[in-house]
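First the structure, in the form of structure tokens, and then the observations on it.
The values are calculated or read from the model by the stated rules, or taken from the named source; none is laboratory data. Since we're looking at a predicted model, the values are computed, not measured. Positions of Cβ are generated from backbone atoms using ideal geometry, with glycine treated the same way; all protein chains shown enter the neighbour counts. To get the accessible areas, we keep the full protein, side chains included, count just its heavy atoms, and leave off ligands, DNA and RNA. Shrake-Rupley method; radii C 1.70, N 1.55, O 1.52, S 1.80 Å.
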Amino acid sequence: MKSIQWKLVIMFVLVVLSVTLVVGNFLLDRVTDFYHQSFISEVERVLAQDNFQESEITSEKLNEKLSAYRIRLGIDSSRDYYILNELGEKLETSNKEGTNPEPTANIVSAMAGKVGKEYNLGVDYVDYALPIYEEGSKDHVQYIIYLKDTKDELIEMTSSINSIILYAVFIGLVVSVILGFLLANTITKPITEITQKADKMAAGDFKHTIEVKSNDEIGTLTNAFNVMAKELERNIGAIASEKNKMDAIFSYMTDGVMAFNLEGEIIHINYAAQRMIEINQVETVKFNKFFEKMNVPISIEDVTSPECEDTVKKIIEINDLHIKAFFVKFKLERDKVGGVIVVLQDVTEQQKLDMARREFVANVSHELKTPLASIKSYAETLLDGAIDDRETAESFLNVINNESDRMTRLVRDLLALSSLDHQQTKGKKRNFSLEKLIEEVKEKMSLSAKNRGHELTLEISTSPYEIFGDRDKIEQVITNIVSNAIKYTPEGGKISMRTGCIENGIFVKIIDNGIGIPEEDLPRIFERFYRVDKARSRELGGTGLGLAIAQEIIKDHNGTIDIHSEQGQGTEVTIVLPISSL
């Protein structure tokens, strides 16, 4: 099937088959429709010539009238008439066997007072049913005149048409195969010659040309191929000179790449570079002016000078991006300098990571420094003699104990974050009921909420689906969120816990009417050590890592956690977890 000859032959065969089948089906369809319409027209024309609705009509009179029109109605061995009562039961018939007709759709229509003349596909007959109303009534059917044709004539006609179609298909296939091979041969022969010439060109032979034998499209293709061979021979040297330059450019395609000629005009730029530095009109860019605008102290003369052998590195800051730029000159044939290539690397994320790491170290140091200083100062005071005063000693020891607990909480949270960062929780994941877990959290936090005068409610509107994960970690997250709601809601507040189903998951909402979170703080609420009210958070025992840990735990479970809040109005935390598929 790879040969174009067979493809053309098959195409001809398919066209002949398609056209013949479409025409044949259309012809058969039209013949069938014409037969039905002729039957209906013939019957209605005859029945319209006599008054079958006259008063005191009987089945005998109807039979006499129909017998009088037998020839015009075409009553024969394949077509019969019946006189039926209002229930569709036979009273009179031309059928020699005298059998009852089957209750067709048209008979049912006549029983309902409508003329039945619809043609039903898939049946081996055509029929017509005319309702005869009772004297003085226009809606009560007394008799039904029913004519039925077994379509023997139509079957014979369609059989003849099918034979003609099959014969036409056979003749058409033979002709199409012959024409297909003849046409294919006129096309494939010059293509074979062009293929042989192409193989020689691939081996480096550009001398031989192909003889043009016709003025059609194949001849035009042959002539164009000969012209192309000459052009390839002429341009092969130019392609070699461009190779080194293109290799240097495309070796950095994952980053932004710009290329300038010795006049400082831009000759190449990829999409990544355009996106980074937002160049709209590339043709207007000049090397020196462009980088001068970006406050980069460099010129094309500096990079292309013989003294500059190494790659020049610069940092560009634009549109909140930190871009590291590498400037290197590229050479043409015979070591002639052709221009400068600039490779741009977006190091914004790296800068952010470095800043986050430094901020994290500073935050940890600060968080540990304060309790350590308190412990040291109180311990020194005790050593200086305050230990002899029992009341003072107990007070100081309580402070030391609280600060130790604070450092313990901090170290515990840091270890939890480290465990999540290194994905050390997978072995603890099991299937568990989220509904039962939330009920347990509600029971555990009820006393704390009651002590603050809060109303803590739970609303479960989901089937008992299971979650696959670390039950203790999910409980830690929900407990942390509820605990925050209790802490940051003024006395007498309302806190509600809700759970329900969404597509392919279960959501948990914790809603309070507390102090809320300012809008400007919401984007940073999940950052490590970030506190909205630093003084109050420390006073309530927070480390600033709770929400960061919660987010990492939920991410580890392929879920999401979102916070919507308005200052002074309250906070809504939504956790979505996937339903277990195990």
Please work out which one of (1) under 24 Å from Arg45 (Cβ atoms); (2) open to solvent by less than 70 Å² (accessible area, probe 1.4 Å); (3) touching a residue at least 24 places away in the same chain (Cβ under 8 Å) is the condition Gly88 fails and give its number.
-> (1)
The condition from (1) out of contact with any helix residue (DSSP H, G or I) (no Cβ under 6 Å at 6 or more places or on another chain); (2) modelled with pLDDT of 75 or more that Asn51 misses is numbered (2)
Report whether or not Ala224 is at pLDDT below 70, open to solvent by less than 90 Å² (accessible area, probe 1.4 Å) and assigned to a helix (DSSP H, G or I).
-> no
Cβ pairs under 7 Å, 6+ apart, first in segment 379-390 and closer than 16 Å to Asn401 by Cα, second of a type in the set (Phe, Trp, Tyr) = Thr381/Phe396; Leu382/Phe396
Of the residues Val342, Val328, Val296, which is in contact with a strand residue (DSSP E or B) (Cβ under 6 Å, 6 or more places away or on another chain), β-branched (Val, Ile, Thr) and open to solvent by 20 Å² or more (accessible area, probe 1.4 Å)?
-> Val328
Across segment 479-494, what is the number of residues that are surrounded by 21 or more Cβ atoms within 10 Å (Cβ to Cβ) and polar (S, T, N, Q)?
-> 2
If the Cβ limit is 9 Å and pairs must be 6+ apart or interchain, which residue in segment 316-345 that is farther than 17 Å from Tyr271 by Cβ and of a type in the set (D, E, K, R) pairs with which residue that is part of a strand (DSSP E or B) and open to solvent by 40 Å² or more (accessible area, probe 1.4 Å)?
-> Lys324/Lys313; Lys324/Lys314; Lys324/Ile315; Lys324/Gln345; Lys324/Asp346
State all residues of segment 21-33 that are over 45 Å from the mean Cα position of the chain (by Cα) and surrounded by fewer than 12 Cβ atoms within 10 Å (Cβ to Cβ); if no residue qualifies, say none.
-> Arg30, Asp33
Scan segment 67-117 residue by residue and report those that are of a type in the set (Asp, Glu) and touching a helix residue (DSSP H, G or I) at 6+ places or on another chain (Cβ under 6 Å).
-> Glu92
Here the qualifying pairs (Cβ atoms under 8 Å; residues six or more apart or on different chains; first in segment 478-504 and under 20 Å from Gln569 (Cβ atoms) and at pLDDT 85 or above; second open to solvent by 70 Å² or more (accessible area, probe 1.4 Å) and small (Gly, Ala, Ser)) come out as Arg498/Ser461
Return yes when Lys286 is among the basic types (Lys, Arg) and open to solvent by 80 Å² or more (accessible area, probe 1.4 Å) and no when it is not.
-> yes
Out of curiosity, is Ala259 modelled with pLDDT of 80 or more and small (Gly, Ala, Ser)?
-> yes
Could you tell me whether any residue of segment 263-278 is under 30 Å from Glu527 (Cα atoms), modelled with pLDDT under 75, out of contact with any Gly (no Cβ under 7 Å at 6 or more places or on another chain) and among the hydrophobic types (A, V, I, L, M, F, W, C)?
-> no
Please work out which residue is modelled with the lowest pLDDT, limiting yourself to segment 428-442 and to residues that are touching a strand residue (DSSP E or B) at 6+ places or on another chain (Cβ under 9 Å) and in a helix (DSSP H, G or I).
-> Lys428
Has segment 445-468 got at least one residue that is assigned to a helix (DSSP H, G or I) and crowded, with 16+ Cβ neighbours inside 10 Å?
-> yes
